[in-house]
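Novice: First the structure, then my questions, so here it is.
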Protein chains: 2
Amino acid sequence: MLSYTEENYLKALLKLSFQNEDKPEAGTNEMAAHLGVKPATATDMLKKLKEKELVNYKKYGKILLTESGKQQALAILRKHRLWETFLYEKLDFSWDEVHEVAEQLEHIQSAKLVDKLEEFLGFPEFDPHGDPIPKANGDLPVLEKILLSEVKEGELCQVVAVKDTSTVFLQYLEKLQITIGTPIKVLERIDFDGSMSIQISDQEARNVSMKFAESLFITLHQNICQQK
Amino acid sequence: MLSYTEENYLKALLKLSFQNEDKPEAGTNEMAAHLGVKPATATDMLKKLKEKELVNYKKYGKILLTESGKQQALAILRKHRLWETFLYEKLDFSWDEVHEVAEQLEHIQSAKLVDKLEEFLGFPEFDPHGDPIPKANGDLPVLEKILLSEVKEGELCQVVAVKDTSTVFLQYLEKLQITIGTPIKVLERIDFDGSMSIQISDQEARNVSMKFAESLFITLHQNICQQK
DNA sequence: TATAAAAGTTAGACTTACCTAACAAATGTT
DNA sequence: AACATTTGTTAGGTAAGTCTAACTTTTATA
C-alpha cells in the first residue's frame, strides 16, 4: 500500500511523461518543482520508489516509471478524473473548482468505490477538461479526433481541439461561440469549394470555408462534457 | 487546519461523549483503545489538542471537548454520515460496507463539497444506520420517536427502535418482516382493547395487540433509509 | 577543451505520530 | 488507612517526509 505522498510522486511522474511526449523521462528538479518540494526531498523519495520497483532510476540519471509504477499512477489518475466528473456533473462544481478537491479524493482507497462511481456516472470516457479517464485495466480511451472537413453530411460532432492556434482564428471561434465541447452538426457539404453549412449548438445554420473546416478538430463521440 | 490524526481524536472524543450519555468526559486509556493506539500516544496528542484549545484537560484528569472542539468534531461527523448516505443511496453499497470508506472520505477538506453533497442527497437528516446527520451549523436533528400505540388512524410512520428487546418480541418482528426503517400505516384503532389494524410495508392489513403497539418506537418523519 | 552554470546528491536536522519501558497518581479493597 | 490495581505520564527512541547547506556530477558555452 502506497502512502499519500508516494502516490503524488507517481502521479507527477505520469503527468510529466504525458507532457514530454517523445521522451517520457523526467529530471529530479523538474519533479520537485511539480510537487512543490526541494530537489533534495525528491531525491530521497526517488530512492524509496526505486526500492519498491516503481521507478527506474540511477544516480544523476533520468527517471522513468516502471510498468508497475505506471499502472499505479494510472489508477490514481483514473480516480482523479472520475471524481472531477462527479463534482462537475452531479454536484454542480465549475470547471475550475474540481481539480483541488479531486486532488484529495484521488487518494481514497477502495476499489469498489471507484468502480461504483464509474458506473454511477455512466462510464464516462473523458473528464470535464476533455482528458481521457483510464479504464480499470489501465487503458486510456483515445479521442478519435478528425478534422471538421472530414465529417459527412447530417452528422453531429463535438469540438475537441484546434489545429490552427493563430489569434485571428481563435478570435473567429470566439465570435462564433465555439469552445471545446461545443456540438456542431454538418448540414450540407459544398463539393465545389469544400465549404460547408453547419449548425453550432442551437444557433442558426451558417456557412464556413474549407480553410475553417480544416482548422478544427472534432470527435464523433458525444462524450466530452460541454464547458459551462 | 487540523491533521487527519487530530480529527480522529476529536471524533473519538465526540463518540465517547455520546456513549456515556450522563457524563461526557473520557479517560486516556478509553480514548487510546478507541483509536487503536497506546495510552502514551493519546497523552501526547491530548496535550497538543489542549494547546489548540480543542479539549479541556489536565494531568490525571478527565477529558472534555471545548465548544470549539465539539463544533469541529460535529463537522467531521457530518461529513462521515453524509458520505455514508451517499455510498448507500447512490453507489449501492450495503449497510455494513459504508463505514470503512466514509472513515476516509470524512477527512476531505472542502466546505462547498459537503454542502453540495448534502443538497444532492436531498438534505437527509439521518444516515443509513438511523443516526442523525449534524447540520452545517452543528445542530443535531432529533428523531421524534413515539410509540406505535400513539399514532392516529390513517397516519404513515416508520420503525426506529424497539422498546422491548426480549427474544420472543424480536422473533415476532422478524416473522412480521419488521426491521429498522420499515414503513407502517395505521389503518384502524380499536378503542375497546387498544389493538390496531396496520399495514406493514406493502403487506396485507393485519391486527396487532396493544402490547405490541406499546413495544415499538416509530417516527412520523419519513427520513430514515430503509434497510435492504 | 576548460570552465561556469545547471542539475543532482549527501549529510544533518526538524516535526508528526507513533512506540516501549519505567515511573507516578488515583482508585478500590480489605 | 494501607496496599494492590488500575490509570495516566514521562523519557527516550523510530520512521516518514520535509528542510538547508555543502558537495559532486553533468551539461552547456565561451
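None of the figures in this text is laboratory data; all of them are computed from the coordinates on show. These figures come from a predicted structure and were not determined experimentally. Because the Cβ atoms are built from the backbone with ideal geometry, glycine has one as well, and the counts that use them run over all protein chains shown.
Novice: Which value does Rg/Rh take for segment A:2-152 over its C-alpha atoms, Rh per Kirkwood?
Specialist: For segment A:2-152, the value is 1.01.
Novice: Here's another thing I want to ask about it. How many nanometers, to one decimal and shortest first, lie between the label point of A:I180 and those of its other copies, if labels sit 7 Å from Cα toward Cβ?
Specialist: Those separations, rounded to one decimal, come out as 4.6 nm.
Novice: Follow-up question, since we're still on this one. Using every alpha carbon pair in segment A:72-204, what percent of pairs falls into each 5 Å bin from 0 up to the bin containing the largest distance?
Specialist: Computed distribution, short to long bins: 2, 9, 16, 17, 16, 13, 12, 8, 5, 2, 1, 0.
Novice: Let me ask another. Based on a Kirkwood Rh over C-alpha pairs, give the Stokes-Einstein translational diffusion coefficient of segment A:125-168 at 4 °C and viscosity 1.567 mPa s in µm²/s.
Specialist: Answer, rounded: 101 µm²/s.
Novice: Same structure, new question: In 20 Å bins starting at 0, how do the alpha-carbon pair distances of the protein assembly as shown split up by percent?
Specialist: It works out to 19, 39, 30, 11, 1, in whole percents.
Novice: So which aspartates and glutamates pass the test for B:K15, namely a Cα distance under 14 Å, with those fewer than 8 places away in the same chain ruled out?
Specialist: The reachable aspartates and glutamates, counting only those whose Cα sits under 14 Å from B:K15, are B:E7, B:E25, B:E30, B:E103, B:D131.
Novice: Taking chain B as a Gaussian network, where each spring joins two C-alpha atoms under 10 Å apart, which residue of B:H107, B:H80, B:H34 fluctuates the most?
Specialist: Of B:H107, B:H80, B:H34, the Gaussian network model singles out B:H34 as fluctuating most.
Novice: Right, here's the next one. Could you estimate the translational diffusion coefficient of segment B:1-63 from the Stokes-Einstein equation, with Rh from the Kirkwood formula over C-alpha pairs, at 4 °C and 1.567 mPa s, in whole µm²/s?
Specialist: 112
Novice: Most fluctuating residue of B:A205, B:A26, B:A161 in a GNM of chain B with Cα springs under 10 Å: which is it?
Specialist: Of the options given, B:A205 has the highest mean-square fluctuation.
Novice: Which chymotrypsin sites (Phe, Trp or Tyr not before Pro) in segment A:31-133 sit in a loop by DSSP (not H, G, I, E or B) and have at most 12 other Cβ atoms within 10 Å of their own Cβ?
Specialist: A:Y60
Novice: Given the options B:R78, B:R189, B:R206, state which has the largest fluctuation in a GNM of chain B using a 10 Å cut-off (strictly under) for Cα springs.
Specialist: Looking only at B:R78, B:R189, B:R206, the largest GNM fluctuation is found for B:R206.
Novice: For the pair B:T41 and A:L220, how long in nm is the line joining their label points, each one 7 Å along Cα→Cβ?
Specialist: Placing both labels 7 Å beyond Cα along the Cβ direction yields 5.8 nm.
Novice: Right, something else. For A:N207, what is the net charge nearby, where nearby means another residue's Cβ is under 12 Å from its Cβ and Lys, Arg count +1, Asp, Glu -1?
Specialist: Value of the local net charge: -1.
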